[in-house]
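Working notes, beginning with the structure itself.
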Amino acid sequence: MSKRIVIPGEQVSEERKRLGSHVYLREGKICSDCVGLYNEESNVASVVPLEGKYIPLVGDTIIGIVESENYSGYHVDVNAVYPSFISKKDIREILKPKSVISARVDDVQENMEIKVSGPRVFAGGELFTVSPVRIPRVIGRDGSMLNVLREGTGASILVGRNGRVWAKGGNLDLLRRSLEKIESEAHLDNLTDRMTAFLGLAKKNN
Amino acid sequence: MDEKTAYVDKHGKRTDGRVLNEVRPIKIEVGVIPEADGSCYLEWGQNKVFAAVYGPNECIPKHMSDPTKAIIRYNYRMASFSVPDRKRPQPGRREVEISKVSGEAFEKVVFLERFPGTQIEVEVEILDSNAGTRVAALTAASVAMADAGIPMKDIIVGCGVGKAGGHVMVDLNKFEEDAPDAVDVPMAILPSTDEIVLLQLDGLATREEFQSMISEGIKACKMVYEKQKEALKQKYRIPAEESMNLPEQGEGFE
């Protein structure tokens, strides 16, 4: 794969292609709007950003922290630009401030408020943070990277699209180091192979 | 005639040894402040600038937010030790003005409508100054903005142009800016379209002089742009080279 790093305003392609994400048209030319990776061989002109905040999409699984409770529901910190809310009408269980929950993005409203549903409270475990734009690399193609991480560390892991990773059991220190490695090398190829080697090696050392 | 020889010698060199269209040496580092979403440190000759970008975040106070787009808060500040005589630390008239015009330059490039009701904070601190700090601040801030992953049409690049001792020259230093006939034109452009997003003028210039200043300024800005481009790409290049050797090293250790 021939990927190259592009910066805002840089023309990504001479050819006419279908427009993907993080590109815009300037005088008929396709240009990037962020610092990211552009795949030359793809037939869709799309830039994968290397930095940025979490932008909620309907259907995402996210990990949130309950912030406060009021009469009608709970405010949840989901690491996004906009506030998010769970209505008490939609759930049966009682949530407590500061508890960690996983939930699904139901709707992003016109005023950009995020509605989440189906909260599940976590008992125990640890929470890790990863840059939201690098979460796809933590999951890998069809969850391949996640399987490697689960196998290598023996932990049960749940990844939220908003840049939070919850894990319980197994070698959590190893998982933390693995996530740091993925985050610093997210822009490189063959990351799953390298992580397999990294975890295999680390296991032998322990 | 005496003044002309004072600012440019007979070899066409200026007082600090540069030629007329030469920019002072520039060093840019990306991602220097871990707490910020994006940051940049820039050295431009004697100028030293830190820029940090926070956001997009929830707009506080709420009444300043715009439900159709994000707002930009640009804060240009000079440290009290950045000038020869101590500067009073509270924001002065000059700083408020520069913050306003620089923030408006960013409104031209950022896709603000993607984050309605939010604010993007840009903090620029000048640690050391020697003329041309507002364009240095703008150059650093736009690199920090790209580092924060905020969608932009282009990267803003700024450069000073002007006249001293009757010669049109780029990137004036403090000595040249203090010339009796000095003209100072700080300008910032979008390098891909040559659109001008900031242009100020202090002094008296003829129409021909002004036009040559603009064209020289655009050329100088493009030189600065190459440095910005290099710095932004460098951030991701260094780990790439290191990790290339990692698998072999791992095998060797086994």
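Some notes on this structure:
- Every residue from the stretch B:80-117 that is surrounded by fewer than 18 Cβ atoms within 10 Å (Cβ to Cβ) and small (Gly, Ala, Ser): B:SER80, B:GLY92
- Count of residues meeting criterion [farther than 23 Å from A:ASP173 by Cβ and surrounded by 15 or more Cβ atoms within 10 Å (Cβ to Cβ)] in the stretch A:116-131: 2
- Taking the stretch A:120-206 and the helices (runs of 4 or more DSSP H) fully enclosed by it, the elements with 2 or more residues that are touching a Lys or Arg at 6+ places or on another chain (Cβ under 9 Å) and facing chain B (nearest Cβ under 10 Å) are at A:191-205.
Listed here are the residues, each with its yes/no results for (1) modelled with pLDDT under 90; (2) surrounded by fewer than 16 Cβ atoms within 10 Å (Cβ to Cβ); (3) in contact with a strand residue (DSSP E or B) (Cβ under 6 Å, 6 or more places away or on another chain).
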position: A:VAL23; (1), (2), (3): no, no, yes
position: A:ASP33; (1), (2), (3): no, no, yes
position: A:GLU41; (1), (2), (3): yes, yes, no
position: A:ILE55; (1), (2), (3): yes, no, no
position: A:GLU69; (1), (2), (3): no, yes, no
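- Where strands (runs of 3 or more DSSP E) fall wholly inside the stretch B:95-205, the ranges with 1 or more residues that are closer than 20 Å to B:GLN46 by Cα are B:118-128, B:157-164, B:167-170, B:183-190.
- Whichever residue in the stretch B:28-59 is surrounded by fewer than 17 Cβ atoms within 10 Å (Cβ to Cβ), in contact (Cβ under 8 Å) with a residue 40 or more places away in the chain and farther than 19 Å from B:VAL110 by Cβ and, among such residues, is farthest from the other protein chains (Cβ to nearest Cβ): B:GLN46
- Per the listing A:GLY36, A:GLY28, the residue uniquely more than 30 Å from A:SER102 (Cβ to Cβ), within 14 Å of chain B (Cβ to nearest Cβ) and without any contact (Cβ under 8 Å) to a residue 40 or more places away in the chain is A:GLY28.
- Being more than 14 Å from chain A (Cβ to nearest Cβ) and of a type in the set (Asp, Glu) is a condition met by at least one residue of the stretch B:159-175.
- Selection status of A:ILE135, within 27 Å of A:ASP173 (Cα to Cα) and among the hydrophobic types (A, V, I, L, M, F, W, C): yes
- When residues of the stretch A:76-97 are limited to those that are part of a strand (DSSP E or B) and of a type in the set (Val, Ile, Thr), the one nearest to the other protein chains (Cβ to nearest Cβ): A:VAL76
- Extreme residue, farthest from the other protein chains (Cβ to nearest Cβ), among residues of the stretch A:1-23 that are in contact with a Phe, Trp or Tyr (Cβ under 8 Å, 6 or more places away or on another chain) and over 17 Å from B:GLN234 (Cβ atoms): A:SER13
- Condition check for A:ILE63: more than 14 Å from every other protein chain (Cβ to nearest Cβ), in a strand (DSSP E or B) and either small (Gly, Ala, Ser) or touching a strand residue (DSSP E or B) at 6+ places or on another chain (Cβ under 8 Å) (or both): yes
- Matching residues in the stretch B:134-158 - criterion: being touching a Ser or Thr at 6+ places or on another chain (Cβ under 6 Å) and away from chain A (no Cβ under 14 Å): B:LEU138, B:GLY158
The values are calculated or read from the model by the stated rules, or taken from the named source; none is laboratory data. Quick caveat, the model's predicted, so the values are computed rather than measured. As a convention, Cβ positions derive from the backbone with ideal geometry for all residues, glycine included, and neighbour counts pool all protein chains shown.
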